[in-house]
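Heads up, the thing below is written out as structure tokens.
FYI, it's all coordinate maths here, none of it is from the lab. Quick caveat, the model's predicted, so the values are computed rather than measured. Neighbour counts run over all protein chains shown; Cβ positions are idealised from the backbone, glycine included.
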Amino acid sequence: MGENIQFFRNYIDGEWTEAESGKTQKIINPATEDVIAEVPKCDVSDARKAIDAARNAFDNGRWPLMTPGERSAVLLNLASLVEAQMDELARLESMNQGKTIKQARDGDFPFSVDNIRFYAGAARTLAGLPAMEYMSTGTSYVRREPVGVIAQITPWNYPWMMAIWKAGPALATGNTVVIKPASVTPLTTIRLAELCEKAGFPKGVVNVITGPGEIIGNELTSNPKVDMVSITGDTATGRKIMERSSSTLKKLHLELGGKAPFIVFDDADLEAAVKGAAAAGYVNGGQDCTQASRFYVQEGIYDSFVKKLVEESAKVRIGDPLSRSTDLGPLVSSAQREKVESYVLYGREEGAKLEFGGKRPERFRKGFYFEPTVFSGVEQDMKIAREEIFGPVLPVLRFSGVDEVIASSNDTIYGLHSSVWTTNVRTAMKLASRLRFGAVQINDHLPITSEMPHGGYKQSGFGKDMSVYSLEEYTQIKHVYFDMTGDRRKGWHYLTYGDPA
């Protein structure tokens with residue numbers, strides 16, 4: 001997989017630029033540990049240029065003033081350009097992030113094309129309250145307007161897809177954006193800027209800058225010219241964003257961490273549940289906020305479930321992510337693998353039983369690979385049951401009754417995703433109403449669609465991606481009132497001075 005080093009640049013105000021300092025950052029292929037690219041290592045001055053470009057494009061440009069149909073046409077151009085280059089983009093994503101080519105090419109990129117087309121169409125249907133006389137003296141109506149300049153900070157686990165989830169609805173509703181991809185996975189986001197340029201976005205509407213999150217992120221979240229910050233990341237980062245944004249009271253959209261319960265009742269289809277567990281637990285190497293990461297299994301089938309999950313885990317093929325026969329590629333970085341290893345150690349020290357995996361595969365001399373891992377005998381208070389591991393580690397817990405598992409599942413700071421496996425409709429409906437998560441899925445875990453919202457409860461953040469609700473995140477409403485009386489002195493004026501007429 002030896003590749004020539006590619007050199008990328010920032011996209012600011014319709015121009016391709018180096019970092020003002022001239023510094024660059026090397027980008028590593030997590031499967032080979034080779035340097036595959038260099039990108040600008042930006043600082044505050046670069047961030048301010050991008051913010052100023054977006055501010056000018058919003059305040060003085062035509063993008064916010066275009067009709068929804070006109071903006072929709074540009075987004076549809078973008079969708080077609082992405083669709084035509086999915087093979088190349090998926091390969092780049094796989095090489096930069098480590099995810100398998102089949103997930104990138106058959107999952108992330110086709111889905112993102114559908115997302116863009118959805119945003120393009122849905123933005124044309126947004127409406128406010130009807131215009132009418134809510135007061136006897138005049139007519140009121142509601143305008144829905146873009147928020148302004150949006151700083152969008154995207155994560156390393158889904159670099160391309162999260163950029164689309166954020167930029168799509170923001171642009172569809174007339175905002176301008178500054179996108180900062182994660183430092184280790186910026187390559188497809190830079191390609192997105194190239195495609196936006198070709199699609200016909202006016203200069204300054206889309207800006208992409210690369211560099212350290214601590215430096216650039218701080219500027220994006222504190223700069224008064226930025227109206228809103230949207231981030232997908234871990235919960236600790238979300239807290240920092242809230243603190244830094246407080247001085248200017250920015251609008252925030254936070255999609256943060258998760259610790260999704262996967263609840264299996266005795267009456268469930270055991271084979272379906274086990275296959276679903278492996279698919280939802282090892283998705284994207286376990287580097288997914290909605291990953292099934294706490295497996296609550298009712299005591300009557302607990303031992304059978306663990307045995308079958310180990311058997312299913314042994315079928316997962318580890319290898320070169322660019323091969324379509326690979327099921328599990330490397331983790332994104334050496335640091336992430338070390339984090340996962342530390343949780344395996346915690347699990348063993350706290351008394352859980354390592355049933356499968358738990359180490360680096362011996363046959364790979366390079367690459368940040370880690371085996372599929374299963375723990376049994378896990379208790380509610382163990383770290384592997386409470387904290388976000390973000391790796392292919394599946395802790396299995398035992399439960400006896402409905403109320404017990406509801407309480408255990410909700411006993412977490414997170415509230416992003418969950419699933420329930422049962423053939424009992426009453427059980428399914430009860431858990432759907434009582435689980436405190438942004439999504440509850442019955443007899444499946446993970447499927448998402450452009451028409452349905454994605455977002456969390458509690459410390460998994462607030463705000464929604466996808467669906468029409470995402471468009472509402474990036475708009476604000478304004479009350480407009482027309483006096484219909486023509487009176488110079490209004491009937492209510494005496495409340496301020498004088499006497500009633």
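Worth a mention:
- FRET E, pair Thr485, Leu65, Förster distance 30 Å, beta-carbon r, rounded to 0.05: 0.40
- The chain - mean residue ellipticity at 222 nm from DSSP helices (-39,500 (n - 2.57) per run, n ≥ 4, rounded to 500): -10500 deg cm²/dmol
- Other-chain or far-sequence residues with amide H under 5 Å of Ala37's (modelled H): Gln6, Ile27
- Seen from every direction in turn and averaged, the convex hull around the alpha carbons of the range 259-312 projects onto 3.3 nm².
- Cα-based convex hull volume of the range 394-501 per residue, rounded to whole Å³: 237
- Applying a DSSP loop filter and a limit of 11 other Cβ atoms within 10 Å to the GluC sites (Glu not before Pro) in the range 265-371 leaves Glu362.
- Projecting the Cα positions of Ser183, Thr427, Thr326 onto the charge dipole of the chain (unit charges on Cβ atoms of Lys, Arg, Asp and Glu, taken about the Cα centre) puts Ser183 furthest along the positive direction.
- Rough spin-label spacing in nm, given labels placed 7 Å along Cα→Cβ, for Leu270 and Ser325: 3.2
- Using bins of 5 Å that start at zero, the share of Cα-Cα pairs per bin across the range 260-442 amounts to 1, 9, 18, 22, 21, 15, 8, 4, 1, 0, 0, in whole %.
- A convex hull fitted around the alpha carbon atoms of the chain yields 174 Å³ per residue.
- Cut-off under 5 Å, modelled amide H: who pairs with Phe356 long-range: Val374
- Remark on Ala182: its backbone amide H falls under 5 Å from those of Thr154, a criterion applied only to residues 5 or more positions apart or on other chains, H modelled at 1.01 Å from N.
- FRET efficiency estimate (nearest 0.05) - Cβ-Cβ, Asp114 to Asp87, R0 22 angstrom: 0.80
- Shape category assigned to the range 20-89 from the gyration tensor of Cα positions, a/c cut at 1.5: oblate
- Antiparallel beta bridges, as assigned by DSSP with both residues in the chain, represent about 40 percent of the total such bridges.
- Full extension of the chain segment joining Glu214 with Asn443 gains 78.4 nm, where the gain is 0.36 nm per residue of separation less the Cα-Cα distance.
- Normalised contact order of the chain, rounded percent, pairs of Cα under 8 Å and 6 or more residues apart: 18
- Three-way shape call for the range 1-137 based on the alpha-carbon gyration tensor, with the a/c threshold at 1.5: oblate
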